[in-house]
Amino acid sequence: MLRFAIIYGSIMPFLNEPPRRQERQEEEEEDYRGCRTGFGITGIIYEGQFLGKILAINLIQTRGNAMKLIGRIPGQAYLLLAILIFAAANPIIRRLTQLGAQNLIDGRNPISFCNVLFVGNLCALLVLVPILRPQWNANSLKQISKKNWISLIAVTILGGTLSPALTFSALSLTTVNNVVLIGRLEPPLVLALSVWLLRERVNSWVVGGAVVSFIGVALTILLQKPSENMVSMGGGMEIGQGELLAAIAAISLAVSTSISRASLRQVPLGIFSIFRTAMGAVVFFVAAIALYGAGHFMDVFSPFLWQWMLVYGAVIIVGGQLCWYTGLKSSSASEVSLASSFSPVAGICAAFLILGEAPTFAQYVGGSAILVGIVLTQMGNMRSRVQERALSQVKDMDGEVGFKGV
């Protein structure tokens, strides 16, 4: 009997294990589903943890897929997008000022050109500072010499204050198409300054393209019909005041670009962009107050102005720059040059689509000459790249590694 009892006691737990295991499994399932009275909270917690893990995994996978998709976008697409954004800037500014004229505040236009320039820079800073702030560190600032800071101030005054102010003033006096085409005066001037000051060597095709583009700009100015705002240049020649301001803006921007190429190649992009934007806003504000008085920015805090400037600053100023610099990282010099050549065509198309401005006879003639000049410049760049490949092969054979920067 004792032996039987021992055997029975040893076997019964194994015989009862399947029902007990099934019972525990059912209790756990009920507990998980939250159906069991008094113990449903455990199932809710389990389900929350389970769903949280699934959600986290999905978010990680979605983010990874998005990053892969962004990485697959070619640099040329970013460059073309930046060109389209920049091309829409002038027509959008004109449209915003027209919108402000329809919503006057005590007879004043809240979206004046001065307010657009000043508040647009402030809005751009709100977006640029969080993105480019990491480049503002002690090590980067220590590497900037006194000469670099002087060059930064000069670039800020010429390219970040004077040129935009003149461009905005030109937009109030002439058509957007004139401002776009006359703005093509900058590349030939930059080329001339590079050859003169930086001793850069260019071939005859590039020189010919620059000359033809310059002639195209001159034809755009000289073939304009007489208007009320004409300026006498001597010798019986008169040009429109808006066209003159656009030409001076292009000259100022060309000098600014040349200074940047000569002295600011080692300055980080974040320091350059934030300093130029912030300093430009301050310089313009002080200059406007000195010229027009403190009441000139009376409507600068208007909600109607800021709601449009936040969009303009984020999309046009910051979005265009970020697309441009993102494209530069993964594009060759030829691709950058080719994308830039579309800017006058994109500007004219944007003016037609946004404002309904059709090109005039002078703009057709001057624009055609400018396009011919762009084609010649591209052909010259192609020939230069062939020569650069040959020179690089010679350097490789000599065991030398050369780098000229961007």
Kindly report the accessible area of region 109-232 per residue (heavy atoms of protein chains, probe 1.4 Å, no ligands, DNA or RNA), in Å².
-> 50
Can you give the accessible area of V311 in Å² (nearest 10), computed on protein heavy atoms with a 1.4 Å probe?
-> 80
Cut-off under 5 Å, modelled amide H: who pairs with T360 long-range = none
Once T377, T360 are ranked on solvent-accessible area with the largest value leading and a 1.4 Å probe, the list reads T360, T377
Calculate the all-directions average of the projected area of region 250-392's alpha-carbon convex hull, and give it in nm².
-> 12.5
Counting pairs of alpha carbon atoms under 8 Å apart in space and at least six apart in sequence, what relative contact order in percent does region 90-191 give?
-> 28
Quick one: grab Rg to one decimal and Dmax as a whole number for region 99-139, Cα atoms only, in Å.
-> 15.9, 51
Among trypsin sites (Lys or Arg not before Pro) in region 144-238, those in a DSSP loop whose Cβ has at most 12 other Cβ atoms within 10 Å are R199, R201
Around E238, which amide H atoms from residues at least 5 apart in sequence, or from another chain, sit under 5 Å from its own amide H, with H modelled in the peptide plane?
-> M233
Which value, in Å², gives the accessible area per residue of region 273-320 when a 1.4 Å probe is used on the protein heavy atoms?
-> 49
Rounded to two decimals, the Debye log10 I(q)/I(0) of region 217-258 (Cα scatterers, no solvent) at q = 0.13, 0.30, 0.33 Å⁻¹ is -0.31, -1.06, -1.16
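Counting other C-beta atoms within 10 Å, and keeping those with at most 16, which DSSP coil GluC sites (Glu not before Pro) do you find in region 171-248?
Here the GluC sites (Glu not before Pro) that fit, given the DSSP loop and packing criteria, are E200, E228.
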Whole-Hz Karplus ³J(HN,Hα) for region 218-226, in order, using 6.51 cos²θ - 1.76 cosθ + 1.60 and θ = phi - 60°, x for Gly and Pro?
-> 4, 5, 4, 6, 6, 8, 5, 6, x
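The values are calculated or read from the model by the stated rules, or taken from the named source; none is laboratory data. Note that this is a predicted model, so its numbers are computed, not measured. Glycine gets a Cβ as well: all are built from the backbone with ideal geometry, and neighbour counts include every protein chain shown. For the accessible areas, the whole protein counts, side chains as well, though only heavy atoms, and no ligand, DNA or RNA atoms are used. Shrake-Rupley method; radii C 1.70, N 1.55, O 1.52, S 1.80 Å.
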